[in-house]
1. Do you know the Lys pair count in the chain for C-alpha distances under 20 Å, with sequence separation 8 or more or different chains?
2. How much of the DSSP beta bridge set in the chain is antiparallel, as a percent to the nearest 5?
3. May I ask you to evaluate 6.51 cos²θ - 1.76 cosθ + 1.60, the Karplus curve with θ = phi - 60°, for each residue of the range 166-178 and list the ³J(HN,Hα) values in order in whole Hz, giving x for glycine and proline?
4. Could you tell me whether the range 58-117 comes out rounded, prolate or oblate from its Cα gyration tensor? Rule is a ≥ b ≥ c as square roots of the eigenvalues, rounded for a/c under 1.5, then prolate if a/b exceeds b/c, otherwise oblate.
5. Based on the alpha-carbon gyration tensor of the range 32-243 and its eigenvalue square roots a ≥ b ≥ c, which shape applies: rounded if a/c is under 1.5, prolate if not and a/b is larger than b/c, or oblate?
6. Compare the peptides 155-165, 69-79, 206-216, 131-141 by average per-residue count of other Cβ atoms within 10 angstrom and give them in order, highest first.
7. Hey, in the GNM for the chain with a 10 angstrom Cα cutoff, which one of 167, 114, 203 fluctuates hardest?
Amino acid sequence: MAKREPNLSGPGFPPAVPEESLNVPIRREEIAMVHSPQGLIAEQFRGLRNSIQAMNTDGASHTLVVTSALPGEGKTVSTLNLAVAMAEVPGLHVLVLDADLHNPSVEKFLGLPRRQGLSELLSGKLTIDQAVRGTSIEGVSILGAGTPPRNPSELLGSDRMKTVMNRLRQRFSYVLIDTPAALNVSDASLLGAMADGILLVVRMGSTARYHVQRTHNTLEALGGNVLGTCLIDANQPDISKEYS
Ligand SMILES: Nc1ncnc2c1ncn2[C@@H]1O[C@H](COP(=O)(O)OP(=O)(O)O)[C@@H](O)[C@H]1O
Ligand SMILES: [Mg+2]
């Protein structure tokens, strides 16, 4: 079979340097696990972590898609907080995978420069070792989105993506996959069907119940396993969790 062309748009980002981010402190206040580790929000992310671990009775590694109905509900912030909460548990190693190829923001929230990442990995230009970067939080690594591809859904829905997810699962205790809003594009549903579970982030007071219900139904109709919801109340600010 002919080798697939990368089909990446733009000049692209420089290659990732695995150690370059180890000493970059996380400054964004929304990452409550770093900025207010004793506060209520941090405690609630620990609760979410505990619920996920309680469901994981055999201690196996898991891939979890984090999505929401609409943009701006708090997916990326929740993914990062959950990752830090998980990494507090001795022995757990967590990867945050930025699979929001439309609006990647994991690196932005961590104050890191954009580098080659998932799109190059899926195009066969990088290996996993070349794409994964450590962070200033011990036990938390990231794999950035990389150069914006012209065909995000096609790349994310490919067999290669399944292979990448399986390989990452072998290396990390949890792979948390940040995605675009599920009602906007099919990417989260495609990834949700490949992953072990899905967390649905819901911003209370702004996202209509029928949007949440439709998202839940769509994710499950495509084969996804919605584990529960992570409720964000940006007014309080406060989060709580509900688990099915
Ligand atoms: N728990 C929270 N409390 C207050 N603001 C939040 C919270 N989570 C996210 N935000 C804010 O909401 C905005 C969108 O969050 P983000 O995680 O980027 O959403 P998404 O990834 O779903 O598009 C950001 O400006 C972020 O600071
Ligand atoms: Mg986001």
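Values quoted throughout were computed directly from the atomic coordinates according to the rules given, and no laboratory measurement underlies them. Because the structure is predicted, anything quoted here is derived from the model rather than measured. Quick reminder, even Gly has a Cβ in these numbers, built from the backbone with ideal geometry, and neighbours come from all protein chains shown.
1. The result is 5.
2. Values: 10 of 35 bridges.
For the chain, the DSSP antiparallel bridge percentage is about 30.
3. Per residue, the Karplus-derived 3J(HN,Hα) values read 5, 5, 5, 4, 5, 9, 10, 5, 9, 10, 9, 10, 7 Hz.
4. Working: a/c = 1.87, a/b = 1.45, b/c = 1.29.
Note, shape of the range 58-117 comes out prolate.
5. Details: a/c = 1.41, a/b = 1.14, b/c = 1.24.
Note, shape of the range 32-243 comes out rounded.
6. Numbers: 155-165: 17.6, 69-79: 22.0, 206-216: 15.4, 131-141: 19.9.
Listed from highest to lowest mean packing, they are 69-79, 131-141, 155-165, 206-216.
7. 167
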